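Here's the structure we're looking at; comments come further down.
The values are calculated or read from the model by the stated rules, or taken from the named source; none is laboratory data. What you are looking at is a predicted structure, and each value in this text was computed from that prediction instead of being measured. Glycine also receives a Cβ, built like all others from the backbone with ideal geometry; neighbour counts cover every protein chain displayed. Surface accessibility is based on the protein's heavy atoms, side chains included, excluding ligands, DNA and RNA. Shrake-Rupley method; radii C 1.70, N 1.55, O 1.52, S 1.80 Å.
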Amino acid sequence: MKKLNADDYIDILNDVLKDICPTDSEKEELKIFSDKIISKIKDISKYPVLDIIQVGSTARDANLKNDHDIDIFLRFEKETDRDMLKELGLKLGKDVISYFNGKSWIEYAEHPYVSGEIGKFNLDIVPCYDIENCEKIISAVDRTPLHNEFLLNAYENNDLSNDIRLLKKFLKGLGIYGSDLKTAGFSGYLCELLILKYGGFLNLLSAVQTWKPKHSIVLNEIYEMYDLKKDHDFLKFNNSLVVYDPVDLNRNVAAALNEENLCKFIFYSKMFLKKPSKEFFYGFYKKTTDVLNQRKRGYLITLEISRPENVVEDVIYPQMEKIQKSINKLVKEHDFEYLRYQNFADDDTCYLSWEFLIHELPDVKLRIGPPVYSEQGVLNFITHNEHYFVKECNVCAYKTRKYKNIQILFEDIVNGKLKNIITYPKYVCPENAKIRLGTFIERK
């Protein structure tokens, strides 16, 4: 690839930035309202809250236009009883949202917290414990204020806000922004660390050209923060991308990113640098999917499985993936080949979809055995295979297929005849599922 020249991309990136950057008035309005929320929490707080911190992209000027999310963290002393932390956090969150005539509800991380809406603003008010860098967390969200502090300090001499916005929009365009288990993509925090590491959006895309799965990244700031030598032996992770968390070196910030989405990022980064276009930033993955779907299809099957109530997406999607991979293994064992598979869940139903190259096979299959000069191997083979013969240098046999039609195999799955072979997760059981032929449900 030719040497990167930023002038080749400047007009495109400036056009995108005009679309995605909050205006000065939007930023000011957001700051004023955030300050009001924090001030009111301080007024009504009669509890042992150490400090009240705004975190997240809106606190660091790294948010996209029309992103009015306000994340407020209430930090408590480590000695605070967990039930008390939960109770006080919920009360403060509900009270402040009620004061501003908003509506609130309870969400769940490891412990519950309050979410709400006040006009166009979306709020999360989250209690956590006050911990230090690399200290063991007490609750799952305790690192977030430390992330915020690290990034604010790192930005003091670096104006990287627009580069962060470009990366987020680029990843959104590719459909790989978000660290939830449904998306398995890049989190906002990961985006900020990557931009910080490489000093800008184009620099990052240029660096990505040499990445492969298992690529590992250590920020320079980490060596300075902990006075480490360059040959320091960091904890090993078995993930598609490894980015060490500056506030917890035993954590991989990119753990949620799956290998396929990493490879999409590598591939489309190369594509963009070779032929830059605004299209990459605006629903590019949907356009690509539409083009791919303009073709003759293979044999389509979808299983519709009832979704249990109150099971969140971060639980249901890994379980759909688990059962689908178990079925994939069974499918391959019976010599059927699929072009692709996908899963999707709405409020009521889990959809597991496949597209097969063929749906029906011959009655018999060829089983290739050992070479004729392998005495014990040949004896074992002919003992278990009646219709044997010699083909080239091997003893072979014809076997009658148990399943020659993929639909029959799926019928046995939903009828429970293969439950001793397939591992069923807790909430996604294919027994009594509905089989829909000729249908492939795309993930939304």
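Please work out which residue is farthest from SER206 (Cα to Cα), limiting yourself to the range 304-318 and to residues that are open to solvent by 50 Å² or more (accessible area, probe 1.4 Å) and among the aliphatic types (A, V, I, L, M).
Only one residue fits best here, namely VAL312.
For the structure I just gave you, tell me whether LYS78 is under 29 Å from GLU110 (Cβ atoms) and in contact with a Phe, Trp or Tyr (Cβ under 6 Å, 6 or more places away or on another chain).
yes
I need every pair where a residue in the range 159-174 that is in contact (Cβ under 8 Å) with a residue 12 or more places away in the chain and open to solvent by less than 20 Å² (accessible area, probe 1.4 Å) has its Cβ under 7 Å from the Cβ of a residue that is outside any helix (DSSP H, G or I) and aliphatic (A, V, I, L, M), sequence separation at least 6 or different chains.
Pairs found: SER161/ALA62; ILE164/ALA62; ARG165/ALA62; ARG165/LEU64; LYS168/LEU64.
Can you spot a residue in the range 336-352 that is among the basic types (Lys, Arg) and open to solvent by 80 Å² or more (accessible area, probe 1.4 Å)?
no
Let's see how each residue does on (1) on the phi < 0 side of the Ramachandran plot; (2) among the small types (Gly, Ala, Ser); (3) open to solvent by less than 90 Å² (accessible area, probe 1.4 Å):
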| position | (1), (2), (3) |
| --- | --- |
| HIS68 | yes, no, yes |
| PHE73 | yes, no, yes |
| PHE76 | yes, no, yes |
| ASP83 | yes, no, no |
| GLU87 | yes, no, no |
| LEU90 | yes, no, yes |
| ASP95 | yes, no, yes |
| PHE100 | yes, no, yes |
| SER104 | yes, yes, yes |
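Checking the condition in a helix (DSSP H, G or I) and within 21 Å of PRO145 (Cα to Cα), which residue from LEU64, LEU90, LEU74 passes?
LEU90
State which residue is nearest to LEU418 (Cα to Cα) when the search covers only the range 388-405 and only residues that are in contact (Cβ under 8 Å) with a residue 12 or more places away in the chain and open to solvent by 100 Å² or more (accessible area, probe 1.4 Å).
Applying the filter and picking the extreme gives LYS402.
Applying the selection to the range 270-279, what residues are surrounded by fewer than 21 Cβ atoms within 10 Å (Cβ to Cβ) and either assigned to a helix (DSSP H, G or I) or of a type in the set (A, V, I, L, M) (or both)?
LYS270, MET271, LEU273, LYS274, LYS278, GLU279
Quick one: in the range 1-60, of everything that is in contact with a strand residue (DSSP E or B) (Cβ under 9 Å, 6 or more places away or on another chain) and assigned to a loop (DSSP other than H, G, I, E, B), which residue is modelled with the lowest pLDDT?
Residue satisfying both the conditions and the ranking: TYR47.
Being of a type in the set (Lys, Arg), surrounded by 15 or more Cβ atoms within 10 Å (Cβ to Cβ) and either in contact with a Ser or Thr (Cβ under 6 Å, 6 or more places away or on another chain) or closer than 30 Å to ASP19 by Cα (or both) is the requirement here; does ARG367 meet it?
Here the answer is no, as ARG367 does not meet what is asked.
Would you mention how many residues in the range 185-221 are open to solvent by less than 10 Å² (accessible area, probe 1.4 Å) and of a type outside the set (Phe, Trp, Tyr)?
Residues that pass the stated criteria total 13.
Restricting to the range 222-239, and then to whatever is closer than 22 Å to GLU149 by Cβ and of a type in the set (Asp, Glu), can you tell me which residue is surrounded by the fewest Cβ atoms within 10 Å (Cβ to Cβ)?
Looking at the filtered set, the residue picked out is ASP227.
List, please: which pairs have Cβ atoms under 7 Å, are six or more places apart or on different chains, and start with a residue in the range 1-29 that is under 17 Å from SER161 (Cβ atoms) and surrounded by 10 or more Cβ atoms within 10 Å (Cβ to Cβ) and end with one that is modelled with pLDDT of 95 or more and polar (S, T, N, Q)?
LEU17/ASN162; CYS21/ASN162; PRO22/ASN63
Please verify whether LYS182 is at pLDDT below 95 and buried (at least 16 other Cβ atoms within 10 Å of the Cβ), treating the condition exactly as stated.
Against the criterion (at pLDDT below 95 and buried (at least 16 other Cβ atoms within 10 Å of the Cβ)), LYS182 qualifies.
All but one of (1) under 20 Å from ASP61 (Cα atoms); (2) touching a residue at least 24 places away in the same chain (Cβ under 8 Å); (3) buried (at least 18 other Cβ atoms within 10 Å of the Cβ); (4) not hydrophobic (A, V, I, L, M, F, W, C) hold for TYR177, so report the exception by its number.
The single condition TYR177 does not satisfy is (2).
In the list ILE301, ILE323, ILE327, which residue meets the criterion of being more than 23 Å from the chain's Cα centre (by Cα), surrounded by 18 or more Cβ atoms within 10 Å (Cβ to Cβ) and at pLDDT 95 or above?
None of the others qualify; the one that does is ILE301.
I'd like to know if the range 369-381 contains one or more residues that are on the phi > 0 side of the Ramachandran plot, free of Cβ contacts under 8 Å to residues at least 40 places away in the same chain and not basic (Lys, Arg).
no
Among the candidates ILE52, ILE32, ILE37, which residue alone is in contact (Cβ under 8 Å) with a residue 60 or more places away in the chain and within 19 Å of GLY116 (Cβ to Cβ)?
None of the others qualify; the one that does is ILE37.
Evaluate the range 284-293: report whether one residue or more is over 16 Å from the mean Cα position of the chain (by Cα), loosely packed, with under 13 Cβ neighbours inside 10 Å and more than 26 Å from ASP15 (Cβ to Cβ).
Within the range 284-293, one or more residues are over 16 Å from the mean Cα position of the chain (by Cα), loosely packed, with under 13 Cβ neighbours inside 10 Å and more than 26 Å from ASP15 (Cβ to Cβ).
To keep it simple, each residue is scored yes or no on (1) within 20 Å of the chain's Cα centre (by Cα); (2) over 24 Å from THR183 (Cα atoms); (3) not hydroxyl-bearing (Ser, Thr, Tyr).
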| residue | (1), (2), (3) |
| --- | --- |
| ILE222 | no, yes, yes |
| SER240 | yes, no, no |
| VAL243 | yes, no, yes |
| ALA254 | yes, no, yes |
| GLU260 | yes, no, yes |
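Can you list the strands (runs of 3 or more DSSP E) found entirely within the range 325-444 that contain at least 2 residues being over 26 Å from ARG295 (Cα atoms) and among the basic types (Lys, Arg)?
Filter on the range 325-444 gives 364-371.
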